[in-house]
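The values are calculated or read from the model by the stated rules, or taken from the named source; none is laboratory data. Computed from a predicted model, the values in this text were never measured in an experiment. Counting neighbours? That spans all protein chains shown, and the Cβs are built from the backbone with ideal geometry, glycine included. With ligands, DNA and RNA removed, areas are computed over all heavy atoms of the protein, side chains included. Shrake-Rupley method; radii C 1.70, N 1.55, O 1.52, S 1.80 Å.
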Amino acid sequence: MQALRKPEWNDWCPGCGDFGILSAEEMAIKELGLDPRKVVLVSGIGCSGKLPHFMRIPVSGVHTLHGRALAFATGVKLANPELEVIVNAGDGDQLGIGAGHFVNAGRRNTDITVILHDNGVYGLTKGQAAPTLKRGEKTKSLPRPNINDAINPLAMAIAAGYTFVARAYAYDVKFLKDIMKAAIKHRGSAFIDVLQPCPTYNDINTKEWYEKRIYKMTDLDPVVKDVNETIDKMKQGIGRSYEWGDRIPIGIFYQNELVPTYEERIAANAPSYKTSIPANQKVVHEGKFT
Ligand code: SF4
């Protein structure tokens, strides 16, 4: 029996949506039965970057540079495709300084899972406007309303080439956990935009604000079953991702497993590259974590 790890002292603010993301991620890893020794969490800089330190399951964690988590994650996955690689980073980190890496990770379709902690602010540095804060919004740290238009992370991810694109909400932990499980199981680059209240600095997109608006989609069929459907499904997912205001949809917006992964593309051009590790070299997990 493998015991839970004693995490670092947690200094997230009370009520932070990061707690919901952490809980969902622990539950997803546990319910999927992943061997903790084969799971690597890669984080960027910001409040979200501390998540690997706080996880109680004894996975590996790499707390990297601002905006560079996806570059590290791609390297980890290519070096050992047997590892399950999960990226945790904020919207400032992934869509601001890390936007180039975000786009290029999508077009490569590396088999990793990317979780965006989307709170609209740079929480670690006192709440400046981050790339998903809408134009005209004035959170309590801003002297004037935000003058920049917001990035739509879902539309950007679909256009960039991510093959699993979903949105969830940090305080609906069970739903978020189920989306994370689907994303981890997906073959290719999976992206989840997690709407994450920051009660300390974002006094507009609060828990109460979200919970009046969020609903689970039941009418969208996001899965590409034939390559000829690809563009229509992309357009459908992108179009739906712009629904925002009185009603905000969560769920899977686009999924396509017909696209070769980056690992498969490399293997096709370099036969010595192994997309999986031979059975006799695998790390076998004999115990359980509780
Ligand atoms: Fe969470 Fe915001 Fe506090 Fe950072 S500043 S820990 S995002 S509530």
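Considering the conditions (1) closer than 27 Å to VAL40 by Cβ; (2) polar (S, T, N, Q); (3) open to solvent by 70 Å² or more (accessible area, probe 1.4 Å), ASN148 is excluded by exactly one of them, (1). Of all the residues in segment 122-140, those that are more than 16 Å from the chain's Cα centre (by Cα) and within 15 Å of GLY44 (Cβ to Cβ) number 5. Total residues in segment 112-137 satisfying the condition of being more than 11 Å from the ligand (Cβ to nearest atom), over 19 Å from ARG68 (Cβ atoms) and touching a strand residue (DSSP E or B) at 6+ places or on another chain (Cβ under 9 Å): the figure is 5. Between ALA183, ALA150, the distinction of being within 13 Å of the chain's Cα centre (by Cα), away from the ligand (no atom under 16 Å from the Cβ) and not in a strand (DSSP E or B) belongs to ALA183 only. Quick check on PRO143: is it more than 19 Å from ILE97 (Cα to Cα), touching a residue at least 24 places away in the same chain (Cβ under 8 Å), over 15 Å from the mean Cα position of the chain (by Cα) and open to solvent by 40 Å² or more (accessible area, probe 1.4 Å)? For PRO143, the condition - more than 19 Å from ILE97 (Cα to Cα), touching a residue at least 24 places away in the same chain (Cβ under 8 Å), over 15 Å from the mean Cα position of the chain (by Cα) and open to solvent by 40 Å² or more (accessible area, probe 1.4 Å) - is not met.
Put simply, of ILE252, ILE248, ILE238 the only residue that is at pLDDT 95 or above, open to solvent by 40 Å² or more (accessible area, probe 1.4 Å) and in contact with a helix residue (DSSP H, G or I) (Cβ under 6 Å, 6 or more places away or on another chain) is ILE238. Being in contact with a Pro (Cβ under 9 Å, 6 or more places away or on another chain), crowded, with 19+ Cβ neighbours inside 10 Å and of a type in the set (S, T, N, Q) is a description that does not apply to THR206.
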